[in-house]
Amino acid sequence: MAPTLPSGDQASDQDNWDNGRLARKRQLLTEIVLRNRLTALVVDGDTTCRVLEQLLLRSYGVQTQGVDNGRDAVALIASGVKFNLIIIDMILPVLNGLEATRQIRDMGVHCKMLGVTACSGESERQAFLAAGVDVFIEKPLDPEHLVPILRELDGQ
Amino acid sequence: MERNPIRRQLAIMRQSLFDQGHVDEQFVQLEELQDDANPNFVEEVVTLYYRDSARIILNIEQALERKPFDFRKLDAYMHQFKGSSSSIGAKKVKAESTLFRECCKSGNGEGCMRSFQQLKKEYATLRKKLGAYFQ
């Protein structure tokens, strides 16, 4: 729920308590200082989504690279570039996210893969997990989902 | 002091975006990515969204002119549109995108047409409100 303005010029004590508690909860969920340099590949055909996901990762100190289709993602991984984390959409141009994920896994890549997609159905979730992603996240990618994963990757 | 009324007005405009359901928590995430180094970040991202999504809207319009409907293609376009809309916190636009995709999945052409008209209204309304807010 978005932070709310106090009515009139004075917030009630309850409003201040609720807003403060919410702010502290968000802090716990969203703040992280990485000890290690992590790298991530973002695979999304939509420029807005790709830019935002990369910026979110960079705000936590993750070095990122972005590609806009599944074929280029597979080619990049096949060239030997290694990432700690791959964020991949389900529906992609050229080569879709399900097939790209399978091909990346078939190469023996074991890094954490997040399927971040606008698809929200259970069948889509099961299909993406079966293809090889570790976590299925409905867009948008948010800190509450991302930070625990970064902590895990950072060994915290 | 002149600054206070302007800031107050901005705060009211911002709050109404949430209260009227036009944007959700994701919009707050965008604001949190804005800093002194990128003071116009939110406006730039929203501009990027409207630039890129205009192409998708056009693709959907053209696809809806062709009969019979290619529901798979329509769904793929709307999938992309829904994703980018959700990434900027466009709550009502995202909700209407979901309805459109449900119509695609059930092969409901009339539903797609109705939903798309409503979606375009919400899309335009949001653009107007955000434009006024950034000004």
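The calculated 222 nm mean residue ellipticity attributable to helices in the protein assembly as shown amounts to -20000 deg cm²/dmol, summing -39500 (n - 2.57) over DSSP H runs of n ≥ 4 and dividing by all residues. Based on Cα contacts under 8 Å between residues 6+ apart, chain B shows a relative contact order of 26 percent. Partners of B:LYS128 within straight-line reach, counting lysines whose Cα lies under 26 Å from its Cα and excluding those fewer than 8 residues away in the same chain: A:LYS139, B:LYS82, B:LYS91, B:LYS92, B:LYS94, B:LYS120. Think of chain B as a dipole: +1 on every Lys or Arg Cβ, -1 on every Asp or Glu Cβ, centred on the Cα centre; then among B:LEU119, B:PRO68, B:ILE6, B:PRO68 lies furthest on the positive end.
Take the alpha carbon gyration tensor of the protein assembly as shown, find the square roots of its eigenvalues, order them as a ≥ b ≥ c, and report rounded if a/c is under 1.5; if not, report prolate when a/b exceeds b/c, else oblate. Here the protein assembly as shown falls in the oblate category. Listed by Cβ neighbour count within 10 Å, with the fewest neighbours leading, A:LEU85, B:LEU119 appear as A:LEU85, B:LEU119.
Take the alpha carbon gyration tensor of the stretch B:5-134, find the square roots of its eigenvalues, order them as a ≥ b ≥ c, and report rounded if a/c is under 1.5; if not, report prolate when a/b exceeds b/c, else oblate. Prolate, because a/c is 1.5 or more and a/b exceeds b/c. Each Lys and Arg contributes +1 and each Asp and Glu -1, all at the Cβ; summed about the Cα centre of the stretch B:5-134, the dipole is approximately 540 debye.
Model label sites at B:GLU65 and A:ARG102, defined 7 Å from Cα along the beta-carbon direction, differ in position by 3.7 nm. Counting only the backbone N, which residues of the stretch B:41-59 are under 20 Å from the spot 7 Å out from the Cα of B:GLN135 toward its beta-carbon? Under 20 Å, as judged by backbone N against the label point of B:GLN135, lie B:41-51 of the stretch B:41-59.
Between helix B:109-134 and chain B there is an angle of about 10 degrees, using the helix long axis and the longest principal axis of the Cα atoms. Between A:ARG35 and B:ILE57, the distance separating the two model label sites (each 7 Å from Cα on the Cα→Cβ line) works out to 5.0 nm. Computed from Cα atoms, the angle from the helix B:91-105 axis to the main principal axis of chain B rounds to 10 degrees.
The stretch B:1-61 to the stretch A:39-92: how many Å between their Cα centroids? Spelled out, the Cα-based centre of one part sits 25 Å from the other.
Only the coordinates and a few stated rules stand behind these numbers; no lab work does. Just so you know, these numbers come straight off a predicted model, no measurement behind them. Reconstructed Cβ throughout: ideal geometry from the backbone, glycine too, with neighbour counts over all protein chains shown.
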